[in-house]
Every structure is written in structure tokens, then in C-alpha cells.
Amino acid sequence: MQQFQQYIGGVFSNGSATFESMDPATGTPWALMPEAKTEDVNAAVKAARDAFFAPEWAMMTASARGKLLLRLADLIADNAETLAKLETRDTGKIIRETSAQIAYVAEYYRYYAGLADKIEGAHLPIDKPDMDVWLRREPVGVVAAVVPWNSQLFLSAVKVGPALAAGCTVVLKASEDGPAPMLEFARIFDQAGFPAGVLNIITGFGAECGAVLTSHPDVDHVAFTGGPETARHIVRNSAENLASTSLELGGKSPFIVFDDADIDSAVNAQISGIFAATGQSCVAGSRLIISNRIKDVFLERLKAKAEAIVIGAPDDMTTEVGPLCTVGQVDTATQLCAASEAAGATIITGGTPLKRAGTYFPPTIIDCSDVPQAPCVTTEIFGPVLSLLSFDTEAEALRLANDTVFGLASGVFTKDLTRAHRMIRGIRAGIVWVNTYRAVSPIAPFGGHGLSGHGREGGLQAALDYTKVKSVWLRTSDDPIPDPFVMR
């Protein structure tokens, strides 16, 4: 089997232990991965801490950091095909998506390369005539970046890019599920010319890797993408070192279609929103909220398209839906579909695993109009399962949209501009797409409300989140300070 290595302090090694990684398309092991233990985590954090204070990085100009990030972006673009094939092999994501997504990842690093020397301070018009006061934005320090297996090169780019642009150093923990592309990314990063220790990449399991990293006393900020339960552990762990956190936690995003919408366009967007990436997306439009006036015609077209989706090997360019990443996800989807049906929901199509090798689950649509609290409506499944709800009035649509503990993304389909603006104001979510879905850009931040987390990734705000403000006071008078016991 192919063997991958961890990357600590500019050096590749096998780590303290290894574990087998499974190919979701076949259900068989295909590679050995380094399993980071406590000593590996400590070494990675030490390397990042040493690099943060080393003059090679600490004294590097922001413009020079930007040039290194540009070099990294070019290398990612040059190696996109290799990275895409590895992500497809190790996670089951279809090659059509990994190829396009990884090619675009380079644009995120280019964006932050250009932003590196534009993270500015400010001069304050202070109310004291003998003082000059200005603000400096300085890097927060060592960042622990923890990413899941899905879209991991993208989800690491929105952490590593702004962190390095701001002058931080990073320990990046790849998911133990499908870490191959992240460990290959380490080899690409190594070629870019960054000082040793600026970025360290490891993978491993909870107690001996993730928990040690997120509670480490030398970690200053934790950037995490994943589920709420793990996030709760991270927040508790961060209490040990009082590290700041940014959390992107997924959701149950509403996809609202009014009766004046372009039905064919909305159907295509809904197919993309829930069945692309086999539903394994934090912004999946997993709750269809449809006007009763068009429910039947919409559902007829949606069902026909869902059942025509090509399910197959993820490395086949004709495949539209591949396997789920893990056996556990198949079990979760199966159980939630069965529980929802038992609660009174109607399975329109799909609902049970496919009888073939690998972790395949078909595109599934469940009508939950009569049971809006069915398990598939309230629980993030992270699979190709769409829950359908219906409404008669705009107020009812908005109530259903906000009837969730999550709040990451949402979609609104209508030709009524004033209605669109009312929905934009009313929906509690970090992203509102109007007459489109799953559009992203390095220029636009994303993040959520509620159990979808806090903080933003992408855009200028992400870079600022990896800085702290330092106030600098300079007294301009040569006169002696008159009274040392009076605060000036």
C-alpha cells in the first residue's frame, strides 16, 4: 500500500504510528497514514512556535509573505490533477468535483497573497494634544487549524491562507478520514520556500491528536470546521489556554421556492444543492421549502432528475454521485430515513443503501410536509437526503426556514425583488443565495449563526480574525510629566 508522511518543522516522517485508510468506492484499505500521537502534536506546535518568533518569518515583510503565497498558489494549480485524484481515491468525492474545486483553491491563496500587505493599522485622532496614538495589527500567533475530510483543500485554504497572510504560523490537522490530499499538499507547500515550521501538517484521532492540539498551551487560535459536538469539546479544550476560536459547523440549510420562481432553474439548483458532493457539504440545501401552489409539478420534475442521476465510481468522469466517505454515514442516513418514515414522512425516492460494494447511498427525497419535526428535517445527515416541507404564505415559509438550531446557508427562489429583500432580512443565516446556490468566492466571507458556529472564513474579515490590535502611545512633549499620580 502507498504510505504517506506527516510534515513537522519542514521534515517528513512516518510519525509514532500508522493506520489504514479505506477506499470508499471499494470498502478496502489502500494506503497507510501517519497517526500523530501526543509527542508528534507537541513537536508540531513547538515547530510552529519557534518559527513564529524566528527572524526568517517574524521579520519577513508582508509583501514577501504575499510572494510566497503566490508561489504556493501556482504550485497548487500545477499539481491540481494529482491532488484531485488523491482526494477522490481517499474520500469518494467524484473526480468532476475535486478537479474543479482544487483548481479554484489556488485562487484563494492568490487572494490572500494580494491581501498580505493590505492588513493595515490606523492613526487615532486622540483627544490629548501631546500624544500620538496609532494601532498596529499583529499576528495572533500559533494557529491550530482542524479540517474535516470533505472539501479539505478548500477548507484548509480559508484558514491557512489568511493565517499566513497575517503572519501567523499553523499546525494543520487533517481528518483521519481521507487525509491523503492534505499530506500530499505538504509536499507541495514544502516546495514553495516558506521557512521551516511555518506550516505543519499532521493527522490522527481524537484523544491523542485533536484534543492535545486544541488544548495545547502554545496554541493561540483554533480554527475548526466540523460538527457541533466536536466543537463543544474544542471550546472546552480551549479554556485551558484561553485560545480564541472560529467555528464553522455546517447546518440544515433551507431552500425556499416561491410559486413565481423559474421552476427548471430552481430544480437544477436544488439538485446541485443537495446531491452534488453526494450531499456531503456544510452548505447542502437539505430542507426544500416549497409553495403548495407548485409543489406537485416541482416534485415531479425533481424526482425525475434525482432518479436519472448517474451513480458510479468516483474516478469516472460520467459519475454524478459517488459513495459516501464512511460506513458510519451510510448507517446514519439509513437510520434517519427509517425513523422519519416511521414518524409519518413519505419517502418519494431512495431511502435505503445501494446493494453494491462500497459505501453508496442513493439520492433520496422525503416528503415531511405533515411531520415538520421528522428526524431527517432536524438532523444534519451529511448525505444525499432531501427533506421536503411546504407552505401557503410568505410568513409560513420564513418560519419554516428559521425553525432550526443551525444557520449557515439558505436559498431563495423568486422573481419578486421586494419579496427577496424581505426574505434576505428575515432569514437567520450567514449566507443567503437568491436565485442561485452553492456559489463561492475568496472575496466573500462565509460563516453561520447558532449551532452553525461563529467567525467568518473568506474575504478580508478572515485575515483580520488572525490578528490582534496593539495600541501604541507616543508622547510628543519634551516637558516633564507633571503629576505621576494622575492618569493622563
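Of the residues Ile481, Ile365, Ile424, the one with the largest accessible area comes first in the ranking Ile481, Ile424, Ile365, computed with a 1.4 Å probe on protein heavy atoms.
Helical content of the chain, expressed as a calculated mean residue ellipticity at 222 nm, amounts to -11500 deg cm²/dmol (DSSP H runs of 4 or more residues, -39,500 (n - 2.57) each, divided by residue number, nearest 500). Distance between the C-alpha centres of the stretch 180-208 and the stretch 226-282: 26 Å, rounded to the whole angstrom. Could you give me D for the stretch 26-164, from Stokes-Einstein at 37 °C and 0.692 mPa s, where the hydrodynamic radius is the Kirkwood radius over C-alpha pairs? Units µm² s⁻¹, please. In µm²/s, the coefficient is 183. Pairs of Cα atoms in the stretch 210-321 fall into 10 Å distance bins, from 0 up to the last occupied one, in shares of 13, 30, 21, 19, 14, 3 percent.
Grab the other residues whose beta carbon is less than 10 angstrom from that of Phe258, score K and R as +1, D and E as -1, and report the net. Charge balance near Phe258 sits at -1.
When +1 charges are put on Lys and Arg Cβ atoms and -1 charges on Asp and Glu Cβ atoms, the dipole computed for the chain relative to its Cα centre reaches about 460 debye. Each Lys and Arg Cβ is given +1 and each Asp and Glu Cβ -1; about its Cα centre, the stretch 246-334 then shows a dipole of about 280 debye. Remark: relative contact order (the stretch 375-488) = 19 percent; criterion is Cα-Cα distance under 8 angstrom and separation of 6 or more residues.
Overall dimensions of the chain, expressed as equivalent-ellipsoid semi-axes from the Cα gyration tensor (√(5λ), whole Å, largest first), are 41, 29, 19.
Within the shell of other residues whose beta carbon sits under 12 angstrom from the beta carbon of Pro375, the net charge comes to -1, with Lys and Arg scored +1 and Asp and Glu -1. Ranking Asn237, Val283, Ala261 by how far each Cα lies toward the positive end of the dipole of the stretch 231-333 (charges on Cβ) leaves Asn237 at the top.
Computed from label points 7 Å out along Cα-Cβ, the spacing between Lys128 and Asn14 is 6.2 nm. The calculated P(r) of the stretch 225-283, using every Cα pair and 5 Å bins from 0, goes 4, 15, 18, 15, 12, 10, 9, 8, 5, 3, 1 in percent. A straight line joining the Cα centroids of the stretch 91-151 and the stretch 43-83 runs 13 Å. Helix 80-91 and the long axis of the chain differ in direction by around 60°, with both axes built from C-alpha atoms. Assuming a ≥ b ≥ c are the square roots of the Cα gyration tensor eigenvalues, decide whether the stretch 1-86 counts as rounded (a/c under 1.5), prolate (otherwise, with a/b larger than b/c) or oblate. Cα axes put the stretch 1-86 in the oblate bin. Residue-normalised convex hull volume from the C-alpha trace of the stretch 54-109: 88 Å³ per residue.
Only Cα sites of the stretch 365-431 enter the Debye sum here, all with the same form factor; the resulting log10 I(q)/I(0) across q = 0.15, 0.28 1/Å is -0.52, -1.41, listed in q order. Quick check: from the Cα gyration tensor, does the stretch 255-343 come out rounded (a/c under 1.5), prolate or oblate? Taking the square roots of the gyration eigenvalues as a ≥ b ≥ c, the stretch 255-343 is oblate. Positive-end ranking of Pro353, Gly10, Cys368 along the dipole of the chain, with charges on Cβ about the Cα centre, is headed by Cys368. Counted by Cβ distance under 14 Å from Val158, the other residues give a net charge of -1, where Lys and Arg count +1 and Asp and Glu count -1.
Roughly what angle does helix 180-190 make with the longest principal axis of the chain, taking Cα atoms, 0 to 90 degrees, to the nearest 10? It works out to around 30 degrees. The listed residues Tyr7, Tyr104 rank as Tyr104, Tyr7 when sorted by accessible area, largest first, using a 1.4 Å probe.
Helix 295-307 and the longest principal axis of the C-alpha atoms of the chain enclose an angle of approximately 80°. Structural size metrics of the stretch 86-236, computed from C-alpha coordinates, are Rg and Dmax of 18.0, 65 Å. If only the Cβ of Lys and Arg carry +1 and only the Cβ of Asp and Glu carry -1, the dipole of the stretch 303-458 around its Cα centre is close to 400 debye. Of all DSSP bridge pairs formed entirely within the chain, close to 40 percent run antiparallel. In the stretch 71-143, the alpha-carbon atoms span a convex hull of 136 Å³ per residue. Given bins 10 angstrom wide, list per bin the percent of all Cα-Cα distances in the stretch 168-240, short to long. Distribution as computed: 17, 49, 29, 5 percent. Computed over the stretch 379-488, the Cα gyration tensor eigenvalues convert (square root of 5λ each) into semi-axes of 47, 17, 15 Å, ordered from largest to smallest.
For a test of the definition: using alpha carbon positions, the gyration tensor, and the 1.5 limit on a/c, classify the stretch 306-463 as rounded, prolate or oblate. In terms of gyration-tensor shape, oblate. Largest accessible area first, the residues Asp315, Asp23 order themselves as Asp315, Asp23 under a 1.4 Å probe with ligands, DNA and RNA left out.
The values are calculated or read from the model by the stated rules, or taken from the named source; none is laboratory data. Computed from a predicted model, the values in this text were never measured in an experiment. FYI the Cβ positions are ideal-geometry reconstructions off the backbone, even for glycines, and counts take in every protein chain you see. What goes into the accessible areas is simple: the full protein's heavy atoms, side chains included, and nothing from ligands, DNA or RNA. Shrake-Rupley method; radii C 1.70, N 1.55, O 1.52, S 1.80 Å.
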